[in-house]
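Step one of this worksheet: look at the structure below.
Where a number appears in this text, it was derived from the coordinates with a stated rule and is not lab data. Note that the structure is a prediction, hence the values are computed from the model and not measured. All Cβ positions, even for glycine, are placed from backbone atoms using ideal geometry, and neighbour counts span all protein chains on display.
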Amino acid sequence: MPKMKTNRGAAKRFKLKKSGKIKRGTAFRSHILTKQDPKTSRRQRSPKHVCAANMKQVRELLGK
């Protein structure tokens, strides 16, 4: 049986941490940030993780 290939799109978006959590990016951080509330900008800076409901799907995409 051949090995599962990693989904390259997912590999660029998610990172598996040693704790088992999967780190992800934040939406609405690319451009036109001047309209954004400073409070929102601060919140988006903090690290985000994939929620438990999507963990299995993301792991499969990463081939882990």
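Can you name every residue in the stretch 37-59 that is surrounded by 11 or more Cβ atoms within 10 Å (Cβ to Cβ) and touching a residue at least 24 places away in the same chain (Cβ under 8 Å)?
48, 49, 50, 55, 58, 59
Quick one: what pairs do we get from the stretch 12-36, first residue at negative phi and basic (Lys, Arg), second in a loop (DSSP other than H, G, I, E, B) and surrounded by 12 or more Cβ atoms within 10 Å (Cβ to Cβ), C-beta under 7 Å, 6+ apart or different chains?
What qualifies is 13/25; 23/14; 24/14; 24/50.
Among the residues of the stretch 10-64, count how many are over 11 Å from the mean Cα position of the chain (by Cα), not hydrophobic (A, V, I, L, M, F, W, C) and not in a loop (DSSP other than H, G, I, E, B).
So the first thing to find is which residues in the stretch 10-64 are over 11 Å from the mean Cα position of the chain (by Cα), and the list is 17-20, 28-46, 52-53, 56-57, 59-64.
Adding the requirement that they be not hydrophobic (A, V, I, L, M, F, W, C) leaves 17-20, 29-31, 34-46, 56-57, 59-60, 63-64.
Checking which are not in a loop (DSSP other than H, G, I, E, B) leaves us with 38-45, 56-57, 59-60.
Residues that pass the stated criteria total 12.
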